[in-house]
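The values are calculated or read from the model by the stated rules, or taken from the named source; none is laboratory data. Keep in mind it's a predicted model, so treat the numbers as computed, not measured. Cβ sites come from the backbone with ideal geometry, for glycine too, and all protein chains shown count toward neighbours. The protein model used for the area step is the full one, side chains on, heavy atoms only, and it has no ligands, DNA or RNA in it. Shrake-Rupley method; radii C 1.70, N 1.55, O 1.52, S 1.80 Å.
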Amino acid sequence: MSSKYDVLVIGGGNAALCAAIAARRSGVSVLVLEGAPKFYRGGNTRHTRNMRCAHDAATEILTGPYTEEEFWEDLLRVTGGQTDEVLARHMIRESKDILNWIVEQGVRWQPSLGGTLSLGRTNSFFLGGGRAMLNALYLTAERLGVAIEYDAEVTDLVIEDGMFLAARLKRPINGETEIRATSLVAAAGGFEANIEWLKQYWGEAADNFLIRGTPYNRGSILKMLLDKGVQQVGDPTQCHAVAIDARAPKFDGGIITRHDSVVFGVVVNKHAQRFYDEGEDIWPKRYAIWGRLVAAQPDQIAYIIFDSTVVTSFMPTLFPPIAGQTIAELAGKLELDPAALEKTITEFNAAVRPGTFDHTILDDCVTEGITPPKTHWARKIETPPYLAYPVRPGITFTYLGTRVTKEARMLMADGRPSANMFAAGEIMAGNVLGKGYAAGMGMTIGSVFGRIAGREAAKHARN
């Protein structure tokens, strides 16, 4: 048995809801299939806090302008040029309108939160965080008459010659095991919770990864689409990966497990050696590389080391720091070689040059004569108690995805646009993010391309 809708949206996070709302507002029938139970609905959107949008002037909640060109330059820098410029510039232009459109869908903003993510000018924060934002979008979708099903796992997609025909379900909905639709929007996230798939690219190291986000993003829809002839985009090893507390749960630890203290100290591996410049750039443009950096270290473990002078400088996490009155005592608690850690800290302190500390700018507090250098925010670690956080790679979402056009329409492997398949959110983020990340960009990709995908899917259905 099957039932028919104008637009079928697979996924239940920000991108999916923006698509569903935009399609429904265009006057077509819409069904959302969320694979997770209702309580865990929303993919990684539950764990978000803010969104990065271009705007020409300060607002009630943004402290100043953030132009399209500045946004583009930030994106270019963090991706090292690995981005589709046409698509990226289109997203940035469209993001200006999203600031107001999302409010029209019931979402509310609040001023920037404190801590090391200096985002008051560039990023708009959701009042109540990601879950409140998600609840507002679901409420709007329901009021508009969007049909929503939870625990709705899709086991197969029927696609012929680039045209979507139907989705097959693991469990029947209203007695039906197949959903037909005139248009499909895939917004079901990446494959970060699929450890076996991660292992294909990372090997055994993937066993030591923690998954910050939902355990339901296993990449099944992405795999089906790629297997059925959709063109892939992105490097399968690239992802949004941050340093999160090694004591966090395997899945769903969310934002409260992330450490923002890197710029205030040094980071060492299990051999008590530093391995990267902790002061390379402003933290919102660098926090999402540290998961990858830690993943490349022995046993995928590292330790952020700092002293008591900086404990109030960053947003605290769920887990308390580990403390020692001496570097040797701290090393013992971390099961590091005390002599090796003492040597690393002594050499670092000796290399620190005088400067004026200011974590909101690229300041002049630098090291000289050590490798790797610390090029900003370098201060001696010399005031006990000495403190540390153990960290592991925390994967948020993967960048391998489906290639799309400006209209969010999927491209097939032979270069032809699909007749009726569209994608939004993490499942197509690799078009914009070849590598790297800047805070709030995932939500921008989801909202902008979700709205476009919904609009375009509805237009196809009406025609």
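Taking trypsin sites (Lys or Arg not before Pro) across the range 416-463, none is in a DSSP loop with at most 16 further Cβ atoms lying within 10 angstrom of its Cβ.
Summarising the label geometry, the points placed 7 Å from Cα in the beta-carbon direction at T155 and L139 lie 3.7 nm from one another. Rounded to the nearest 0.05, what FRET efficiency do T326 and K199 have when you use their Cβ-Cβ distance and R0 = 41 Å? Here the calculated transfer efficiency is 0.55.
When the helices in the chain are scored as -39500 (n - 2.57) per DSSP H run of 4 or longer and the sum is shared across all residues, what 222 nm value do you end up with, to the nearest 500 deg cm²/dmol? Counting only the DSSP helices, I get -8500 deg cm²/dmol. Quick one: plug the Kirkwood hydrodynamic radius of the chain (C-alpha pairs) into Stokes-Einstein at 10 °C, 1.306 mPa s, and report D in µm²/s. Translational D for this selection: 70 µm²/s. Once the C-beta distance of E342 and T312 is scaled by a Förster radius of 30 Å, the resulting FRET efficiency is 0.70 to the nearest 0.05. When you restrict to C-alpha pairs under 8 Å that are six or more residues apart and normalise by the size of the range 241-394, the relative contact order lands at 36 percent. The charge dipole of the range 280-342, taken about the Cα centre with unit charges on the Cβ atoms of Lys, Arg (+1) and Asp, Glu (-1), comes to about 320 debye, rounded to the nearest 20.
If you stretched the chain out fully between D414 and D364, how much longer would it get, using 0.36 nm times the residue separation minus the C-alpha to C-alpha distance?
On the way: separation 50, 0.36 × 50 = 18.00 nm, distance 5.15 nm.
Roughly 12.9 nm would be gained on extension.
Among L75, L293, the sequence by solvent-accessible area, most first, with a 1.4 Å probe is L293, L75. Given +1 at the Cβ of Lys and Arg, -1 at the Cβ of Asp and Glu and no other charges, the dipole of the chain around its Cα centre is 1140 debye to the nearest 20. Using C-alpha pairs under 8 Å with a sequence gap of at least 6, the mean separation divided by the residue count of the chain gives a relative contact order of 25 percent. Rolling a 1.4 Å probe across all protein chains gives R247 an accessible area of roughly 90 Å².
Think of a 1.4 Å ball rolled over the protein heavy atoms: the chain then has 37 Å² of accessible area per residue. Relative to the dominant Cα principal axis of the chain, helix 14-25 is inclined by about 30°. Sorted on the mean count of surrounding Cβ atoms within 10 Å across their residues, most packed first, peptides 187-195, 376-384, 412-420 read 187-195, 376-384, 412-420. Restricting attention to the chain, close to 70% of DSSP beta bridges with both partner residues there are antiparallel. The residue among Y303, I345, P385 whose Cα reaches farthest toward the positive pole of the charge dipole of the range 241-394, with charges on the beta-carbon of Lys, Arg, Asp and Glu, is Y303. Pairs from the table (K96/K406; K199/K435; K38/K199; K285/K435) lying more than 21 angstrom apart at Cα are K38/K199. Taking the Cα centre of each part, how many Å lie between the range 1-78 and the range 176-200? After rounding, the separation between the Cα centres reads 17 Å.
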